[in-house]
1. Just for the stretch 257-283: of the residues that are open to solvent by 10 Å² or more (accessible area, probe 1.4 Å) and among the polar types (S, T, N, Q), which one is farthest from the chain's Cα centre (by Cα)?
2. Looking at the stretch 75-91, can you tell me whether even one residue there is closer than 26 Å to Asn58 by Cβ, among the small types (Gly, Ala, Ser) and in contact with a Gly (Cβ under 7 Å, 6 or more places away or on another chain)?
3. So, restricting to strands (runs of 3 or more DSSP E) that lie completely within the stretch 20-97, which ones have at least 2 residues that are touching a Cys at 6+ places or on another chain (Cβ under 8 Å)?
4. Starting from residues that are surrounded by fewer than 16 Cβ atoms within 10 Å (Cβ to Cβ) and either among the aliphatic types (A, V, I, L, M) or more than 42 Å from the chain's Cα centre (by Cα) (or both), keep the ones in the stretch 58-89 and report whichever is farthest from Ala171 (Cα to Cα).
5. Restricting attention to the stretch 135-162, report how many residues are assigned to a helix (DSSP H, G or I), open to solvent by 70 Å² or more (accessible area, probe 1.4 Å) and either touching a strand residue (DSSP E or B) at 6+ places or on another chain (Cβ under 9 Å) or within 17 Å of Ser103 (Cα to Cα) (or both).
6. Only one of Ser103, Ser55 is surrounded by 13 or more Cβ atoms within 10 Å (Cβ to Cβ) and either at pLDDT below 95 or over 44 Å from the mean Cα position of the chain (by Cα) (or both); which?
7. Among the residues of the stretch 253-269, write down those that are among the aliphatic types (A, V, I, L, M) and in contact with a Lys or Arg (Cβ under 9 Å, 6 or more places away or on another chain).
8. Kindly indicate which of Pro297, Pro291 is touching a Ser or Thr at 6+ places or on another chain (Cβ under 8 Å) and of a type outside the set (Gly, Ala, Ser).
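The values are calculated or read from the model by the stated rules, or taken from the named source; none is laboratory data. Please read these numbers as outputs of a predicted model, since none were measured by experiment. Neighbour counts run over all protein chains shown; Cβ positions are idealised from the backbone, glycine included. Areas reflect the complete protein model, heavy atoms only, side chains present, ligands, DNA and RNA absent. Shrake-Rupley method; radii C 1.70, N 1.55, O 1.52, S 1.80 Å.
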Amino acid sequence: MRLPIIALAFLFLSGVSKASTLEGLELKPFDEIKIVNPLQVSAEVVSLNQTPMISELNAQITRLHVRPGDQVKAGQLLAELDCRDTKDTVSLLDARQRELNASLEQAERLFQRFTQLESRQFSDRLSREDAQTNVVRARAQLAALAVEHAMAQRQVSRCQVLAPFTAAVVAQRAGEGQWVSVGSPIFELTQTSPAEISVQLPQARIGTSLDGFLATFKVNGREYPVSFLRQSPVADPATRSVHAWFQAPEGVAIGETGQLYLDDQLAYLPAHTMVMREGQMGVFVLEDDQPTFYPLPGAQEGRPFPAPLSIQSKVLVTSGQHRLSALGRTQ
């Protein structure tokens, strides 16, 4: 009869001990207290290039094909310059090339002739060598002429000012009939596609890489998922920030500003759940219905901390944990 009574007394005392341990503690599952901590910063859509289109010749503008505000594609004709002198130069070089080709053919025939005569001992070696020299000279003149011809053709191509990329014409700096010199601006272009999102980010928040972040750009009431392109390896010591770039969505104008949201896909422990025990920050979780101290290396007082996966399915002590010792006993 004594044994059942002793067993009941032990169970009763054990329950009292457990109840006294949990008394005054607030317990909540991790999912109810976790913090999702996306970073929100202002960002701007910027162009890859803002380029003045200049004249590469000293010439007169004969025609302008676009106006400020026009959208242009890569390779589209923007302006034409008076190219008559350069084209005449090409024509002269073409005539000179025909002349040199004829001279080369004549020199080669003479060389063959003197070679045959020398073999029959009707001519001397010196005459053959002179004929051979004339062949070499004519070939060299043709090679030099080919270089001049290529240079003149490049000059002709400069008579047409072409768009180097898809862009918007933002300004016109010269008019039809105006004489321009080498380097004179004619148009200013801003590249419209592709575009990038430029943003300054706090270095302490993003660390050394943005590869693990989900990025969303919100502008004009719409949200667009955007992809990370690159970040500067150099931080600004004054602002403790780094410059980063993301791929801008299609259809968003250059110069638009919006909000960039960066989610590191981590669940954070609230700062108020963490306490210091034996020189180590940590939290109390329930293990077998008992509060157990779980250390969090790297955690700092007063700052949320990324929750380890091992405690994300646990029940945590969210209030009253300051009265618990490292062994989970009430102090």
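1. Looking at the filtered set, the residue picked out is Gln280.
2. no
3. Once the strands (runs of 3 or more DSSP E) in the stretch 20-97 are filtered for at least 2 residues that are touching a Cys at 6+ places or on another chain (Cβ under 8 Å), what remains is 77-81.
4. Among those residues, the one meeting the criterion is Asp88.
5. Selection size over the stretch 135-162: 4.
6. On inspection, the qualifying residue turns out to be Ser103.
7. Those that are among the aliphatic types (A, V, I, L, M) and in contact with a Lys or Arg (Cβ under 9 Å, 6 or more places away or on another chain): Leu260, Leu262, Ala267, Leu269.
8. Pro291
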